[in-house]
Amino acid sequence: MKQTVSTFPALQTRNLEGQDLHLPADLQGKWNIVTVAFQRWQQKLIEDWLSHLTPLIETYPGLKIYEVPVIAGLYTVMRPIIDGGMARNIPNKGAREHTLTFYGNVRRVAEDLGLATTETIALFLVGEGGKVLWQGGGEYEGKQLISLEKVLRELGER
């Protein structure tokens, strides 16, 4: 069963430009959409979502989007190869700066995010202090995007 979390958990990550970032403290937006994937094949789900999420940046100037691949800690020794391979496949520096890899206990991360499974992706709208303002996931669905946009509109009116 999926639970709603109120605060995004603390994660030590590194972006594909080699900068260490502590989440949620180092998220740079007023509002941050954080997509979380657990398996390589889930990148297709992320890309589908990003095609709908990216235009929101123009409507909501304080919005930033991040991808967080969660990778089992036993692969930490392979980080230079794994991260290097991802970086080579992302020509845009901004996208590399917003792709933050986490190596560690996958089950703990899923539990801390309130997720029942790692068999699909999760999305979070994270605000000040790591507060989770909206949560979604799975394959792209228009109704989830509408729900997210409603929350963003309400936040923008404050």
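Here is a list: THR118, THR99. Which entry is modelled with pLDDT of 95 or more, surrounded by 15 or more Cβ atoms within 10 Å (Cβ to Cβ), under 27 Å from ILE57 (Cβ atoms) and of a type in the set (S, T, N, Q)?
Working: THR118 fails: under 27 Å from ILE57 (Cβ atoms).
Just one listed residue meets the conditions, THR99.
Quickly run through the range 118-158 and pick out the residues that are assigned to a loop (DSSP other than H, G, I, E, B) and either under 18 Å from ILE65 (Cα atoms) or without any contact (Cβ under 8 Å) to a residue 40 or more places away in the chain (or both).
Hits for the range 118-158 are ILE121, GLY127, GLY138, GLU139, TYR140, GLU141, GLU157, ARG158.
Across the range 13-50, what is the total count of residues that are free of Cβ contacts under 8 Å to residues at least 60 places away in the same chain and more than 18 Å from GLY73 (Cα to Cα)?
Qualifying residue count for the region: 8.
Which number in (1) surrounded by fewer than 15 Cβ atoms within 10 Å (Cβ to Cβ); (2) over 16 Å from the mean Cα position of the chain (by Cα); (3) under 26 Å from TYR140 (Cβ atoms) marks the one condition that SER51 misses?
Result: SER51 passes all but (2).
List the number of the failed condition for MET86; all other conditions in (1) assigned to a helix (DSSP H, G or I); (2) free of Cβ contacts under 8 Å to residues at least 24 places away in the same chain; (3) farther than 24 Å from TRP134 by Cα; (4) not hydroxyl-bearing (Ser, Thr, Tyr) hold.
(2)
State which residue is modelled with the lowest pLDDT when the search covers only the range 5-48 and only residues that are part of a loop (DSSP other than H, G, I, E, B) and within 14 Å of VAL109 (Cα to Cα). Full working, then the answer.
Pass one, the range 5-48, residues part of a loop (DSSP other than H, G, I, E, B): 5-6, 8-10, 16-19, 24-30, 38-39.
Those left that are additionally within 14 Å of VAL109 (Cα to Cα): 5, 8-10, 24, 38-39.
Values: VAL5: 79, PHE8: 97, PRO9: 97, ALA10: 97, PRO24: 98, PHE38: 98, GLN39: 96.
Among those residues, the one meeting the criterion is VAL5.
Here is a list of conditions, (1) out of contact with any strand residue (DSSP E or B) (no Cβ under 7 Å at 6 or more places or on another chain); (2) in contact (Cβ under 8 Å) with a residue 24 or more places away in the chain, and VAL70 meets all of them except one; can you say which number that is?
It fails just one condition, (1).
Considering LYS2, LYS64, which residue is modelled with pLDDT under 95, surrounded by 12 or more Cβ atoms within 10 Å (Cβ to Cβ) and of a type in the set (Lys, Arg)?
Criteria check complete, one pass: LYS2.
Say whether the condition of being touching a Lys or Arg at 6+ places or on another chain (Cβ under 6 Å) and either hydrophobic (A, V, I, L, M, F, W, C) or surrounded by 14 or more Cβ atoms within 10 Å (Cβ to Cβ) (or both) is met by at least one residue in the range 79-92.
Taking the range 79-92 first, the residues touching a Lys or Arg at 6+ places or on another chain (Cβ under 6 Å) are 87, 90.
Now restrict to residues that are either hydrophobic (A, V, I, L, M, F, W, C) or surrounded by 14 or more Cβ atoms within 10 Å (Cβ to Cβ) (or both): 87, 90.
So far as the range 79-92 goes, yes, one or more of its residues are touching a Lys or Arg at 6+ places or on another chain (Cβ under 6 Å) and either hydrophobic (A, V, I, L, M, F, W, C) or surrounded by 14 or more Cβ atoms within 10 Å (Cβ to Cβ) (or both).
The values are calculated or read from the model by the stated rules, or taken from the named source; none is laboratory data. The structure displayed is predicted, hence computed values, not measured ones. Because the Cβ atoms are built from the backbone with ideal geometry, glycine has one as well, and the counts that use them run over all protein chains shown.
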